[in-house]
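Down below is the structure, laid out as structure tokens.
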Amino acid sequence: FRIWAVNLLLTVLTLGLYSAWAKVRTRRYFYGCTALAGSTFEYLAEPYAILKGRLVLFFALLLLYAALTLMPKFGIVLLLCALPLGPALIVSSLRFNYRMTRWRNVAFRFTGTYGGAAVAFLLWPLFGAVTLGLLMPKAVQVQRSYLLNHLHYGNAAFSADIPLWPIYGCSILASLLLFVVTAMATVLSGLMFARTGLHPKHFADLDGWQLVAFALPTLAYLFALTLSSAYYR
């Protein structure tokens, strides 16, 4: 808690610049408290290296936002051109973080390629979106397999065989939880407004209970989203 509180305060006071130091402090704390066969893990990254990468990404996103705001057509073209850089950033980040992680003085390595990252993090999510989410669990399986099957500890490779249908099961149950809770709250909100005879668009005329009814679907959605996300994870 002490680390979290100090990190949050200094990150806010420095307008986000301290976030690199916050990440290093947090990881070193958790890695140092995680032991395997009597030996703890180490995180060796320096905050300045992380800060430089974050500043480059920040200014790139700022440029993209400015282009989308001031010149929308040019901004969309710029966004489409920037999308292929996403997998490269993922691979670079994974290689850096694993290279900075050690156990018993032996570093981890990530050997995934740009092509594999593009398939896992661009192509399969696109398939998931086109199929209205039906293939999104497959995208999750491909992504997790990509992350784990290209991880090495020294010269020893990790291996993971992730089954698909349990991911579908988790996804369906989490989606049902989200849908049922939100639908019940929406119906309840409609019934509360029906009893008062007041339309929700007259926001200024709402009293206390009517304000609750107006906000109920959104609050229920956020609550259900939290629950379903926790269950899915």
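Suppose we filter I172, I167 for residues that are under 22 Å from S229 (Cα atoms) and open to solvent by 40 Å² or more (accessible area, probe 1.4 Å); which single one remains?
It is I172.
Would you tally the residues in the stretch 132-157 being over 20 Å from the mean Cα position of the chain (by Cα) and closer than 16 Å to A117 by Cβ?
Adding up the residues that qualify gives 3.
Determine which single condition L15 fails, assuming it passes every other condition in (1) open to solvent by 80 Å² or more (accessible area, probe 1.4 Å); (2) at positive phi; (3) more than 23 Å from the chain's Cα centre (by Cα).
So L15 meets the others, but not (3).
Does M136 qualify as being modelled with pLDDT under 90 and open to solvent by 40 Å² or more (accessible area, probe 1.4 Å)?
no
List the number of the failed condition for L68; all other conditions in (1) at pLDDT 90 or above; (2) at negative phi hold.
(1)
With the checklist (1) closer than 25 Å to S93 by Cα; (2) aliphatic (A, V, I, L, M); (3) open to solvent by less than 90 Å² (accessible area, probe 1.4 Å); (4) free of Cβ contacts under 8 Å to residues at least 24 places away in the same chain in hand, flag the one item V56 doesn't pass.
(3)
Out of A117, A129, which single residue is buried (at least 17 other Cβ atoms within 10 Å of the Cβ), small (G, A, S) and either under 21 Å from the mean Cα position of the chain (by Cα) or within 25 Å of S175 (Cβ to Cβ) (or both)? Let's see the steps before the verdict.
Numbers: A129 fails: buried (at least 17 other Cβ atoms within 10 Å of the Cβ).
The unique qualifying residue is A117.
If you take the residues in the stretch 18-46 that are of a type in the set (D, E, K, R) and either touching a residue at least 60 places away in the same chain (Cβ under 8 Å) or open to solvent by 60 Å² or more (accessible area, probe 1.4 Å) (or both), which one is nearest to F58 (Cα to Cα)?
Only one residue fits best here, namely E46.
Looking at L177 and the list (1) surrounded by fewer than 16 Cβ atoms within 10 Å (Cβ to Cβ); (2) touching a Phe, Trp or Tyr at 6+ places or on another chain (Cβ under 9 Å), which single condition is not satisfied?
Tallying (1) surrounded by fewer than 16 Cβ atoms within 10 Å (Cβ to Cβ); (2) touching a Phe, Trp or Tyr at 6+ places or on another chain (Cβ under 9 Å), L177 fails exactly one: (1).
Among (1) farther than 27 Å from V142 by Cα; (2) at pLDDT 95 or above; (3) not acidic (D, E), there is one condition A60 misses while meeting the rest; what is its number?
Against the list (1) farther than 27 Å from V142 by Cα; (2) at pLDDT 95 or above; (3) not acidic (D, E), A60 comes up short only on (2).
Every residue in the stretch 144-160 that is open to solvent by 60 Å² or more (accessible area, probe 1.4 Å), over 21 Å from A88 (Cβ atoms) and either touching a residue at least 12 places away in the same chain (Cβ under 8 Å) or not in a loop (DSSP other than H, G, I, E, B) (or both), please.
A157
The values are calculated or read from the model by the stated rules, or taken from the named source; none is laboratory data. Quick caveat, the model's predicted, so the values are computed rather than measured. Here Cβ is always computed from backbone atoms with ideal geometry, including for glycine, and neighbour counts include all displayed protein chains. Areas reflect the complete protein model, heavy atoms only, side chains present, ligands, DNA and RNA absent. Shrake-Rupley method; radii C 1.70, N 1.55, O 1.52, S 1.80 Å.
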